[in-house]
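First comes the structure, then the notes that go with it.
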Amino acid sequence: MKALRTRVTLVLALMSGLPFYVNAQIDIYVTQKATIEDYFAQTDDVLDTFVPVLRSLKTKFTLLNVPFARSLSLMGDDRPACTMYAAMNDQRLDKYLFSLPVTILLNVRLYQNNEIPAVSSQLVNGKGKVTSLKALFDANPKESLLFYRSATYGDQLDKELAKIRDHQQYQQVVTESSTSIPELLAGNVANFAILHPSQVYDFSTGKAILKYPFREYQIAGIPNFAMSHFMCNKTPAAQAFIHEINDVLKQFYQDASFLTLLLKQIPEKDLPEATQVIQQWINGDTRE
(Lines give C-alpha, C1' and ligand atoms only; values in the text may rest on other atoms or scores of the structure.)
Protein backbone atom coordinates (compact mmCIF):
# COMPACT_ATOMS: atom_id res chain seq x y z
CA MET A 1 0.00 0.00 0.00
CA LYS A 2 2.97 2.30 0.48
CA ALA A 3 3.44 2.49 -3.29
CA LEU A 4 -0.19 3.52 -3.72
CA ARG A 5 0.36 6.47 -1.40
CA THR A 6 3.33 7.65 -3.41
CA ARG A 7 2.70 10.92 -5.18
CA VAL A 8 2.52 10.08 -8.87
CA THR A 9 3.14 12.81 -11.41
CA LEU A 10 0.58 12.45 -14.15
CA VAL A 11 1.91 14.26 -17.21
CA LEU A 12 -1.13 15.37 -19.17
CA ALA A 13 -0.40 15.09 -22.88
CA LEU A 14 -3.13 17.02 -24.65
CA MET A 15 -3.10 15.93 -28.27
CA SER A 16 -6.01 18.28 -28.92
CA GLY A 17 -4.28 21.22 -27.23
CA LEU A 18 -7.13 21.54 -24.74
CA PRO A 19 -6.57 21.76 -20.98
CA PHE A 20 -8.20 19.40 -18.54
CA TYR A 21 -9.78 19.61 -15.10
CA VAL A 22 -10.01 16.95 -12.40
CA ASN A 23 -12.06 17.45 -9.25
CA ALA A 24 -9.47 16.22 -6.76
CA GLN A 25 -6.66 17.45 -4.51
CA ILE A 26 -4.09 18.04 -7.21
CA ASP A 27 -1.66 20.58 -8.59
CA ILE A 28 -2.58 21.78 -12.08
CA TYR A 29 -0.06 23.56 -14.31
CA VAL A 30 -1.51 25.16 -17.44
CA THR A 31 -0.37 27.67 -20.03
CA GLN A 32 -3.61 29.49 -20.87
CA LYS A 33 -5.07 32.25 -18.68
CA ALA A 34 -8.51 30.94 -17.78
CA THR A 35 -10.36 29.53 -14.82
CA ILE A 36 -10.39 25.85 -13.94
CA GLU A 37 -14.10 25.81 -14.78
CA ASP A 38 -13.25 27.14 -18.25
CA TYR A 39 -10.84 24.28 -18.78
CA PHE A 40 -13.43 21.70 -17.85
CA ALA A 41 -16.02 23.33 -20.11
CA GLN A 42 -13.57 23.13 -23.04
CA THR A 43 -12.79 19.46 -22.57
CA ASP A 44 -13.61 17.49 -25.69
CA ASP A 45 -16.30 14.82 -25.24
CA VAL A 46 -13.91 12.30 -26.73
CA LEU A 47 -11.79 12.58 -23.58
CA ASP A 48 -14.62 12.37 -21.06
CA THR A 49 -13.97 8.75 -20.12
CA PHE A 50 -10.72 9.75 -18.42
CA VAL A 51 -12.60 12.02 -16.00
CA PRO A 52 -14.52 9.39 -13.97
CA VAL A 53 -11.42 7.19 -13.85
CA LEU A 54 -9.26 9.96 -12.40
CA ARG A 55 -11.95 10.93 -9.91
CA SER A 56 -12.08 7.35 -8.63
CA LEU A 57 -8.36 7.00 -7.90
CA LYS A 58 -7.05 7.11 -4.32
CA THR A 59 -3.42 7.67 -5.28
CA LYS A 60 -2.41 11.33 -5.12
CA PHE A 61 -1.16 12.77 -8.39
CA THR A 62 -0.22 16.08 -10.00
CA LEU A 63 -1.51 17.20 -13.38
CA LEU A 64 0.96 19.09 -15.58
CA ASN A 65 0.11 20.59 -18.96
CA VAL A 66 3.03 19.33 -21.04
CA PRO A 67 3.35 18.68 -24.82
CA PHE A 68 3.29 14.98 -25.62
CA ALA A 69 6.86 14.79 -26.95
CA ARG A 70 8.12 16.51 -23.80
CA SER A 71 6.15 14.10 -21.61
CA LEU A 72 7.98 11.16 -23.17
CA SER A 73 11.28 12.80 -22.25
CA LEU A 74 10.12 13.36 -18.66
CA MET A 75 9.04 9.74 -18.39
CA GLY A 76 12.67 8.72 -18.87
CA ASP A 77 13.44 9.95 -15.36
CA ASP A 78 13.31 7.81 -12.21
CA ARG A 79 10.35 9.79 -10.90
CA PRO A 80 7.09 7.84 -11.41
CA ALA A 81 5.23 9.46 -14.32
CA CYS A 82 2.43 8.73 -16.74
CA THR A 83 0.73 10.20 -19.76
CA MET A 84 -2.85 9.88 -20.97
CA TYR A 85 -4.49 9.34 -24.35
CA ALA A 86 -1.56 7.13 -25.38
CA ALA A 87 -1.79 4.63 -28.21
CA MET A 88 -0.12 1.27 -27.76
CA ASN A 89 2.47 -0.20 -30.12
CA ASP A 90 5.24 -2.80 -29.85
CA GLN A 91 8.01 -0.22 -29.39
CA ARG A 92 6.20 1.47 -26.53
CA LEU A 93 5.34 -1.84 -24.89
CA ASP A 94 9.08 -2.47 -24.49
CA LYS A 95 9.53 0.82 -22.60
CA TYR A 96 6.28 1.59 -20.80
CA LEU A 97 3.37 0.16 -18.82
CA PHE A 98 -0.16 0.46 -20.19
CA SER A 99 -3.56 0.49 -18.54
CA LEU A 100 -6.60 -1.21 -19.94
CA PRO A 101 -8.26 0.84 -22.73
CA VAL A 102 -9.93 4.08 -21.61
CA THR A 103 -11.31 5.23 -24.97
CA ILE A 104 -12.45 3.64 -28.20
CA LEU A 105 -12.75 5.63 -31.42
CA LEU A 106 -12.90 4.95 -35.11
CA ASN A 107 -9.33 4.57 -36.26
CA VAL A 108 -7.63 7.17 -38.41
CA ARG A 109 -8.57 7.58 -42.05
CA LEU A 110 -6.91 9.18 -45.05
CA TYR A 111 -8.58 12.49 -45.96
CA GLN A 112 -8.19 14.16 -49.33
CA ASN A 113 -8.98 17.66 -50.53
CA ASN A 114 -12.02 17.34 -52.77
CA GLU A 115 -10.65 19.92 -55.23
CA ILE A 116 -8.16 17.44 -56.71
CA PRO A 117 -8.99 14.20 -58.56
CA ALA A 118 -10.00 11.21 -56.45
CA VAL A 119 -7.51 8.45 -55.72
CA SER A 120 -7.10 6.20 -58.75
CA SER A 121 -9.19 3.02 -58.73
CA GLN A 122 -5.93 1.12 -59.24
CA LEU A 123 -4.83 2.20 -55.75
CA VAL A 124 -7.94 1.08 -53.86
CA ASN A 125 -9.33 -2.40 -53.28
CA GLY A 126 -12.85 -3.69 -53.84
CA LYS A 127 -13.97 -2.17 -50.52
CA GLY A 128 -12.69 1.27 -51.49
CA LYS A 129 -9.72 1.12 -49.11
CA VAL A 130 -6.33 2.53 -50.12
CA THR A 131 -4.09 -0.49 -50.52
CA SER A 132 -0.72 1.22 -49.98
CA LEU A 133 0.19 4.75 -48.90
CA LYS A 134 3.63 4.34 -50.45
CA ALA A 135 2.10 3.38 -53.81
CA LEU A 136 -0.32 6.32 -53.58
CA PHE A 137 2.41 8.90 -53.01
CA ASP A 138 4.82 7.28 -55.46
CA ALA A 139 2.08 7.71 -58.06
CA ASN A 140 1.54 11.35 -56.96
CA PRO A 141 5.09 12.68 -56.38
CA LYS A 142 3.98 16.31 -56.05
CA GLU A 143 1.55 15.55 -53.21
CA SER A 144 2.37 15.43 -49.51
CA LEU A 145 0.72 13.94 -46.42
CA LEU A 146 -0.08 15.75 -43.18
CA PHE A 147 0.25 13.83 -39.90
CA TYR A 148 1.44 14.38 -36.34
CA ARG A 149 5.16 13.92 -35.76
CA SER A 150 5.14 12.57 -32.19
CA ALA A 151 2.03 10.42 -32.57
CA THR A 152 1.91 6.69 -33.08
CA TYR A 153 -0.87 5.35 -35.25
CA GLY A 154 -0.24 1.69 -34.43
CA ASP A 155 2.49 -0.59 -35.70
CA GLN A 156 1.06 -1.22 -39.17
CA LEU A 157 0.32 2.40 -40.08
CA ASP A 158 3.56 3.67 -38.53
CA LYS A 159 5.42 1.31 -40.89
CA GLU A 160 3.35 2.53 -43.85
CA LEU A 161 4.10 6.18 -43.05
CA ALA A 162 7.83 5.47 -42.75
CA LYS A 163 7.89 4.22 -46.35
CA ILE A 164 6.72 7.56 -47.78
CA ARG A 165 9.50 9.77 -49.15
CA ASP A 166 10.69 12.36 -46.64
CA HIS A 167 9.83 15.34 -48.84
CA GLN A 168 6.23 14.08 -49.08
CA GLN A 169 5.81 13.93 -45.31
CA TYR A 170 4.44 17.07 -43.67
CA GLN A 171 4.85 16.22 -39.99
CA GLN A 172 3.12 18.66 -37.68
CA VAL A 173 4.40 19.19 -34.13
CA VAL A 174 1.69 19.39 -31.48
CA THR A 175 1.99 22.49 -29.28
CA GLU A 176 -0.47 24.89 -27.70
CA SER A 177 0.10 27.38 -30.53
CA SER A 178 0.49 25.02 -33.49
CA THR A 179 -2.00 25.02 -36.33
CA SER A 180 -4.15 21.92 -36.34
CA ILE A 181 -3.95 19.44 -39.19
CA PRO A 182 -7.61 20.03 -40.19
CA GLU A 183 -6.80 23.74 -40.49
CA LEU A 184 -3.68 22.99 -42.54
CA LEU A 185 -5.69 20.71 -44.83
CA ALA A 186 -8.32 23.43 -45.23
CA GLY A 187 -5.54 25.90 -46.05
CA ASN A 188 -4.23 23.65 -48.86
CA VAL A 189 -0.85 23.22 -47.16
CA ALA A 190 -1.22 19.63 -48.35
CA ASN A 191 -4.00 17.76 -50.11
CA PHE A 192 -3.89 14.63 -47.93
CA ALA A 193 -3.99 14.13 -44.16
CA ILE A 194 -4.20 11.37 -41.58
CA LEU A 195 -7.03 12.25 -39.18
CA HIS A 196 -9.36 10.60 -36.72
CA PRO A 197 -12.96 10.73 -37.96
CA SER A 198 -13.84 12.41 -34.64
CA GLN A 199 -11.75 15.38 -35.86
CA VAL A 200 -13.97 15.57 -38.92
CA TYR A 201 -17.45 14.66 -37.59
CA ASP A 202 -19.19 15.07 -34.26
CA PHE A 203 -20.95 11.71 -34.22
CA SER A 204 -22.93 12.64 -31.09
CA THR A 205 -24.72 15.40 -33.06
CA GLY A 206 -24.28 14.10 -36.61
CA LYS A 207 -22.68 17.37 -37.70
CA ALA A 208 -19.51 17.86 -39.73
CA ILE A 209 -16.66 19.69 -37.99
CA LEU A 210 -14.70 20.41 -41.16
CA LYS A 211 -16.50 23.06 -43.20
CA TYR A 212 -15.08 22.26 -46.62
CA PRO A 213 -15.47 19.31 -49.04
CA PHE A 214 -13.17 16.32 -48.62
CA ARG A 215 -12.96 12.62 -49.41
CA GLU A 216 -12.41 9.91 -46.83
CA TYR A 217 -10.63 6.59 -47.37
CA GLN A 218 -9.95 3.73 -45.03
CA ILE A 219 -6.47 2.21 -45.26
CA ALA A 220 -6.23 -1.52 -45.93
CA GLY A 221 -4.85 -3.55 -43.03
CA ILE A 222 -5.60 -0.89 -40.41
CA PRO A 223 -8.05 -1.95 -37.63
CA ASN A 224 -11.42 -0.21 -37.61
CA PHE A 225 -10.99 1.04 -34.03
CA ALA A 226 -8.26 2.74 -32.05
CA MET A 227 -7.91 2.69 -28.27
CA SER A 228 -6.08 5.00 -25.89
CA HIS A 229 -4.62 4.29 -22.48
CA PHE A 230 -2.76 5.58 -19.49
CA MET A 231 0.92 4.96 -20.24
CA CYS A 232 3.47 5.00 -17.39
CA ASN A 233 7.18 4.53 -16.97
CA LYS A 234 8.41 1.28 -15.44
CA THR A 235 8.76 2.31 -11.81
CA PRO A 236 7.25 0.43 -8.84
CA ALA A 237 4.94 3.32 -7.91
CA ALA A 238 3.72 3.75 -11.50
CA GLN A 239 3.12 0.01 -11.75
CA ALA A 240 0.95 0.14 -8.63
CA PHE A 241 -0.86 3.14 -10.14
CA ILE A 242 -1.62 1.17 -13.31
CA HIS A 243 -3.02 -1.69 -11.21
CA GLU A 244 -5.33 0.75 -9.42
CA ILE A 245 -6.48 2.27 -12.72
CA ASN A 246 -7.22 -1.18 -14.12
CA ASP A 247 -9.26 -2.15 -11.07
CA VAL A 248 -11.37 1.01 -11.58
CA LEU A 249 -11.77 0.34 -15.30
CA LYS A 250 -12.92 -3.26 -14.75
CA GLN A 251 -15.77 -1.87 -12.66
CA PHE A 252 -16.58 0.89 -15.16
CA TYR A 253 -16.78 -1.55 -18.06
CA GLN A 254 -19.90 -2.91 -16.32
CA ASP A 255 -21.42 0.56 -15.81
CA ALA A 256 -24.05 1.69 -18.32
CA SER A 257 -23.34 5.43 -17.97
CA PHE A 258 -19.61 4.90 -18.56
CA LEU A 259 -20.34 2.76 -21.61
CA THR A 260 -22.56 5.55 -22.96
CA LEU A 261 -19.62 7.97 -22.68
CA LEU A 262 -17.28 5.40 -24.16
CA LEU A 263 -19.44 4.95 -27.26
CA LYS A 264 -20.48 8.58 -27.69
CA GLN A 265 -18.24 9.20 -30.73
CA ILE A 266 -18.95 5.87 -32.45
CA PRO A 267 -21.40 6.18 -35.38
CA GLU A 268 -24.52 4.04 -35.17
CA LYS A 269 -23.51 1.65 -37.94
CA ASP A 270 -20.30 0.76 -36.05
CA LEU A 271 -21.88 0.35 -32.60
CA PRO A 272 -22.39 -3.45 -32.80
CA GLU A 273 -18.72 -4.04 -33.62
CA ALA A 274 -17.54 -1.53 -30.98
CA THR A 275 -19.77 -3.15 -28.36
CA GLN A 276 -18.26 -6.51 -29.24
CA VAL A 277 -14.75 -5.08 -28.74
CA ILE A 278 -15.70 -3.76 -25.29
CA GLN A 279 -17.14 -7.16 -24.39
CA GLN A 280 -13.72 -8.60 -25.22
CA TRP A 281 -12.19 -6.12 -22.73
CA ILE A 282 -14.65 -7.33 -20.09
CA ASN A 283 -13.56 -10.89 -20.87
CA GLY A 284 -9.92 -9.89 -20.40
CA ASP A 285 -8.90 -9.67 -24.07
CA THR A 286 -7.48 -6.18 -24.77
CA ARG A 287 -5.30 -6.99 -27.78
CA GLU A 288 -5.25 -4.25 -30.42
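If the condition is being of a type in the set (S, T, Y) and at pLDDT below 90, then region 73-112 contributes S73, T83, Y85.
E244 meets the stated requirement of being within 19 Å of R55 (Cα to Cα) and of a type outside the set (F, W, Y). Of the residues examined, F137 is not one that is of a type in the set (F, W, Y) and under 20 Å from A226 (Cβ atoms).
Among the residues of region 239-252, just one is touching a Pro at 6+ places or on another chain (Cβ under 9 Å) and either free of Cβ contacts under 8 Å to residues at least 40 places away in the same chain or of a type in the set (S, T, N, Q) (or both), namely Q239.
Under the condition of being under 10 Å from L105 (Cβ atoms) and among the aliphatic types (A, V, I, L, M), the residues counted in region 264-279 number 2.
Hey, among the residues in region 104-149 that are β-branched (V, I, T) and surrounded by fewer than 20 Cβ atoms within 10 Å (Cβ to Cβ), which one's nearest to the chain's Cα centre (by Cα)? Only one residue tops the list, namely T131.
Within region 88-122, the set of residues being within 23 Å of S56 (Cβ to Cβ) and of a type in the set (A, V, I, L, M, F, W, C) comprises M88, L97, F98, L100, V102, I104, L105.
Restricting attention to region 183-201, the residues being more than 17 Å from Q218 (Cβ to Cβ), touching a residue at least 40 places away in the same chain (Cβ under 8 Å) and part of a loop (DSSP other than H, G, I, E, B) number 4.
The values are calculated or read from the model by the stated rules, or taken from the named source; none is laboratory data. Source: prediction; values computed, not measured. Reconstructed Cβ throughout: ideal geometry from the backbone, glycine too, with neighbour counts over all protein chains shown.
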